[in-house]
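Mind looking over this structure? Questions follow.
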Amino acid sequence: MKLILTSQGFTTNQIAQAVSKLVGKPLQNINIAIINEAYVALSEKRDKRWLIKELSRLEKYIGGVIDFVNLRAYDKVEIRERLQNADLMYIVGGKNFILPDLFKETEFNEVLKEFAQEKAVMGTSAGSIVLGKQIESDEYWKARYDVTNREIENKTLGLVNFNIVPHYKREDHQKWNKDFLKETLQNNSFPIYAITDEQAVIYDEGEVSFVGGEIEKF
C-alpha cells in the first residue's frame, strides 16, 4: 500500500517529486483520479479559493489525464473503470466527517481499500484524515468539534496505524498548537503527525517517511 498524506496537496516541488517516486512514474506520465466531494458541506460563507488553488496545482505538476470521479454521479462499474485508468487516487479535503459517511453510503470504502493495494493514494486535509486511524482522545474531539470519540466512531478507514493533524502552524489554526496537541493527545495509543501545508507523510509498503523537514509527532 502506498499513501501520501498532506494538508494541501502539491504545495512544493519536493512533495511533487515524492509523489512521482511513490507512483513509480515521471509526473508528466501520471494519470490522476480526483475524489472531490467533501467541500460541498462547507458553509456558503466559507471562501472556496483554497479549492481552486489546490486543484490548479495539479494542472501544473500532473502531465497525464486528470479525471474527476463523482461518487454520487457514477455507478460502481464506471467508478471502477475510472479508477483503473488512474495511477494516483487524489482525495480532496473539506468538511470533516463528510467523506467517511459518503464512502459508506456509496460503498466506496471497500472499493478504495481494494484499489489502494495496487495504486497510490494521496489525501489532502480531511482527505488524508479519512485514510488513517481515528484519533482516540475524547479531549481532542471535544475541544475541536464538540463531540466525543464515541459519537463519531468508525469515521476513518484505518488503512494505516497513524494519522495526521493538517495545517499545523497555519495562521487560522493557531489554537491547535503544540501545547494543545501535546495535552489532548498524550494518551493516544498510536502516532499522530502534525504537518504544515508544505509537509507530507509517506507510507510505502510499511515504511513511513516524511517530506518537508522535521515533523511534530504526538
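The values are calculated or read from the model by the stated rules, or taken from the named source; none is laboratory data. Owing to the predicted nature of the structure, the values given are computational and were not obtained by experimental measurement. Here Cβ is always computed from backbone atoms with ideal geometry, including for glycine, and neighbour counts include all displayed protein chains.
Just the residues that are of a type outside the set (S, T, N, Q), free of Cβ contacts under 8 Å to residues at least 60 places away in the same chain and surrounded by fewer than 22 Cβ atoms within 10 Å (Cβ to Cβ), please, taken from region 113-136.
Lys113, Glu114, Phe115, Glu118, Lys133, Glu136
Can you find a residue that is modelled with pLDDT under 95 and not in a loop (DSSP other than H, G, I, E, B) anywhere in region 193-205?
Within region 193-205, none of the residues are modelled with pLDDT under 95 and not in a loop (DSSP other than H, G, I, E, B).
Please go through region 152-162 and pick out each residue that is surrounded by 13 or more Cβ atoms within 10 Å (Cβ to Cβ) and without any contact (Cβ under 8 Å) to a residue 60 or more places away in the chain.
Residues satisfying the conditions are Ile152, Lys155, Thr156, Leu157, Gly158, Phe162.
So how many residues does region 21-58 have that are in contact with a helix residue (DSSP H, G or I) (Cβ under 8 Å, 6 or more places away or on another chain) and assigned to a loop (DSSP other than H, G, I, E, B)?
Final tally of qualifying residues: 6.
Filtering region 1-58 down to residues that are of a type in the set (Ser, Thr, Tyr) and at pLDDT 95 or above, which residue is farthest from Tyr168 (Cα to Cα)?
Ser20
Applying the selection to region 117-161, what residues are within 19 Å of Gly9 (Cα to Cα), of a type outside the set (A, V, I, L, M, F, W, C) and either part of a loop (DSSP other than H, G, I, E, B) or touching a helix residue (DSSP H, G or I) at 6+ places or on another chain (Cβ under 8 Å) (or both)?
Lys119, Gly123, Thr124, Ser125, Gly127, Gly132 - these are the residues of region 117-161 that are within 19 Å of Gly9 (Cα to Cα), of a type outside the set (A, V, I, L, M, F, W, C) and either part of a loop (DSSP other than H, G, I, E, B) or touching a helix residue (DSSP H, G or I) at 6+ places or on another chain (Cβ under 8 Å) (or both).
Residue check: is Lys45 charged (D, E, K, R), over 14 Å from Phe108 (Cβ atoms) and surrounded by fewer than 18 Cβ atoms within 10 Å (Cβ to Cβ)?
yes
Any residue in region 167-179 that is touching a residue at least 60 places away in the same chain (Cβ under 8 Å) sitting within a Cβ distance under 6 Å of a residue that is surrounded by 13 or more Cβ atoms within 10 Å (Cβ to Cβ) and in a helix (DSSP H, G or I)? List the pairs, counting only those 6 or more apart or interchain.
Sorted first by the residue in region 167-179, then by its partner, the pairs are His167/His173.
Let me ask you something else. What tally of residues in region 59-111 results from selecting those that are hydrophobic (A, V, I, L, M, F, W, C), surrounded by 12 or more Cβ atoms within 10 Å (Cβ to Cβ) and not in a helix (DSSP H, G or I)?
Result for region 59-111: 12.
Looking only at region 52-88, count every residue that is under 24 Å from Ile152 (Cβ atoms) and touching a residue at least 40 places away in the same chain (Cβ under 8 Å) and tell me the total.
Going through region 52-88 one residue at a time, the tally reaches 0.
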